[in-house]
Structures are given as structure tokens and as C-alpha cells.
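> Attaching a single structure in C-alpha cells format; questions to follow.
The values are calculated or read from the model by the stated rules, or taken from the named source; none is laboratory data. All values derive from a computational prediction rather than experimental measurement. Neighbour counts are summed over all protein chains in view; Cβ atoms, including those assigned to glycine, are modelled from backbone coordinates with ideal geometry.
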Amino acid sequence: MSAAFQTALAGQVAEAATVAGLVVAASEAAESASGAVTTRFTLALASDPAKTQLLELTEALDLSRPELVNELREYLAETAKRLKNPRPDVFLTLHGLPLSFGRFAWPFHPSTSGADTLLVHGEVRLEDGIESILHAKISASMTVTFAEIVPAPEQPFAEGFIYNAVRKTMDQGQLELVKSGNRQPVPVTTRYYSRWQKKFTFNDTTEPQRSDFLAAKAFWLSGVLGNSQPVWLADPRDAQYLNTTVAELKKTAANLAAEGVIRLAADTEYATPTEALVGHRAKYEVEITQALAFIKPTFNEDMRGGHTNM
């Protein structure tokens, strides 16, 4: 890696991070899964340096392109808000599963099987407050043709829709949380993207569904996992996942507050659960049990019982 590259990239990232309310706490040279030269940045929240996130970018990334710089700035601004969460790595599914996302090896790399696809590997884990060992190793893929939609196959430009594709695949019962196992595929195809609207789409949801989602998010991310610290309910990543807008999420949160389900923080994009909501733990635990049963492949049980037509 050239010193000029390191200096230029570090300067661009540091500048964008500062605008977002972040600082670059550390950086180091690294190598991607395909052998590409990368730099790993440890980004910290300026107001709370203990809150950090890794950002990995390749030498091939040309941040002189205005559209890339603008998207990077937007990504970092969202990162700064998400880092204020007690568990910034945890996202909720529509079936009520709180999942942590980690060990994603950015950027995308070409498939070694000869297929015309790009891959990124990672892992999700069930976070129900009891140190569950259930997890799923992920292999998210997109075709080279689909990759043309993405400004660059790098973390800031793909992380959001990849995380949402994982959640959507879990919603469909096509990912299983296991104690151990191989990587499970998450295909990212054009069915998740509207060329007419030029945006990603995942789940058509109703207002009651979004209300239930935000209440469950406050319960799990704040009440169970976050020691009742405020959680960001106006996350654009959730808005994309629910096929809605940040404005609609804010409206839904305000309604929940009026109903006594959550308490809005001084920054009304954040909230904590009320005692009444925390009291519904049995209900949310039942939802997790039902969701785990839904994503468990029944054909495995049938085959174990000798019921097969092969």
C-alpha cells in the first residue's frame, strides 16, 4: 500500500467522520478475502469514544467521485446516530428476532466457484438477553449485473441493503439459527430493487405492523439489551426494511408515546420502553419461540424419521 494512498484515504475518511460527529480512533493496513489491499478504520463517537465501529475500505475505492463522497457522508452520519444505541450492532426482524450482525468481511469478493457473483461473508446471532449460542453464518451474494446498481461493492454503500436482505431472508424462513453449521446463502437480487423508483424494497408493511415493530425494538434493544438506555427509532435502515419513510417512523413513535408504550427522549428520534411495555416480556419471548420454530426446516425432521421419497 502506498503512503500516498494511506494519507489521502485517511484524510478523506477523517474529514467525513468529523462532519458526522465521529473521530478516527485508529487505522491499520489489512487485506480482503480476495487479497485486495484495504485499510481498517476504527471509528468512535466523538461524544462517547467507547462506542466504536469498524470501517474497511479498499485501495481501489476512488473517493474523488462526488457521489461516493456524498454517500459516505450519509453512511457516517447514520453510523453516528446508531452508535448512540446501547447495542448499535443489533437489528430486529419482523418476526421479532433481535439479531446482532458481526464478522462481516468487507468488501465483496468474487466467487471462487466460477459463478458470476460477488460475495460478502458475515454472521448473525440471536440476542435475547440470555447469551444464546444460536447463530447463522452468512454468505450474501449479488450478481455482477446487479452490482452495477451499487455505487461501489464496499461497506458504506452496501451494508444497509445487505443487512436488510438478511432480515428479509430470515422473515421468509430461508435462514436457520443453529448451534453450529455451514454458511447459509442470502441471494441479493433485483427483486429487492425497484428500477422505476430507484430504491431498495423489502417488506410492504402497515401502520399497525410498524407500531408493533418499534415497540418490540424499544423492548429488546433498550429494555432487555440496553439497560433502559434510549434507542434510535428513526433509523433509515429500518425505514428501508419496512418500505416506509423516516417521517412515518417518527409519526409512529409519537403515537406510541401518546399511548404510553414508550417514552421519547429529549431527541425525539430516540425512546425507551415504559414499565407497561417491559411487563410484556412473556409475550415477546413467545414471539421468539414461534419465530425460531418457523425458520427451522421441517424436512430435516421428516428425513430423520425415515419419511422420504428419494
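> Output the number of residues of segment 56-86 satisfying the condition of being assigned to a loop (DSSP other than H, G, I, E, B) and modelled with pLDDT under 95.
Of the residues in segment 56-86, 7 are assigned to a loop (DSSP other than H, G, I, E, B) and modelled with pLDDT under 95.
> Right, something else. Among what's in segment 59-80 and is among the hydroxyl-bearing types (Ser, Thr, Tyr) and either surrounded by 14 or more Cβ atoms within 10 Å (Cβ to Cβ) or within 18 Å of the chain's Cα centre (by Cα) (or both), pick the residue that is nearest to GLY35 (Cα to Cα).
Just the residues of segment 59-80 that are among the hydroxyl-bearing types (Ser, Thr, Tyr), to begin with: 64, 75, 79.
Applying the additional criterion that residues be either surrounded by 14 or more Cβ atoms within 10 Å (Cβ to Cβ) or within 18 Å of the chain's Cα centre (by Cα) (or both) yields 75, 79.
Values: TYR75: 25, THR79: 27 Å.
Taking the candidates together, the pick is TYR75.
> Hey, does segment 87-97 have a residue that's more than 18 Å from the chain's Cα centre (by Cα) and in a loop (DSSP other than H, G, I, E, B)?
Among the residues of segment 87-97, not one is more than 18 Å from the chain's Cα centre (by Cα) and in a loop (DSSP other than H, G, I, E, B), which makes the answer no.
> Another question, then. From the list ASN203, ASN182, which residue is polar (S, T, N, Q), assigned to a loop (DSSP other than H, G, I, E, B), touching a residue at least 12 places away in the same chain (Cβ under 8 Å) and surrounded by fewer than 16 Cβ atoms within 10 Å (Cβ to Cβ)?
ASN182
> Separate question: For segment 215-231, enumerate the residues that are over 12 Å from LEU94 (Cβ atoms), buried (at least 18 other Cβ atoms within 10 Å of the Cβ) and not small (Gly, Ala, Ser).
PHE219, TRP220, LEU221, VAL224, LEU225, PRO230, VAL231
> Please list, ordered by first then second residue, the pairs with beta carbon atoms under 9 Å, 6 or more apart or interchain, first in segment 151-170 and farther than 13 Å from GLY122 by Cβ and touching a residue at least 12 places away in the same chain (Cβ under 8 Å), second outside any helix (DSSP H, G or I) and among the basic types (Lys, Arg).
Within 9 Å, the pairs are PRO151/ARG65; ALA152/ARG65.
> May I pose another question? Can you pull out every residue in segment 186-211 that is touching a strand residue (DSSP E or B) at 6+ places or on another chain (Cβ under 9 Å), at pLDDT below 95 and not hydroxyl-bearing (Ser, Thr, Tyr)?
Hits for segment 186-211 are PRO187, VAL188, LYS199, PHE200.
> Going by what's in this entry, would GLU131 be described as outside any strand (DSSP E or B), under 30 Å from TYR284 (Cα atoms) and at pLDDT below 95?
Yes: the conditions hold for GLU131.
> Moving on. For segment 290-310, give me each residue that is surrounded by fewer than 11 Cβ atoms within 10 Å (Cβ to Cβ) and at pLDDT 95 or above. Even if it seems obvious, please write down each step before you answer.
Our first condition is that a residue be surrounded by fewer than 11 Cβ atoms within 10 Å (Cβ to Cβ); within segment 290-310, this holds for 293, 298-301, 304-310.
Listed by number, the list holds a single entry, ALA293.
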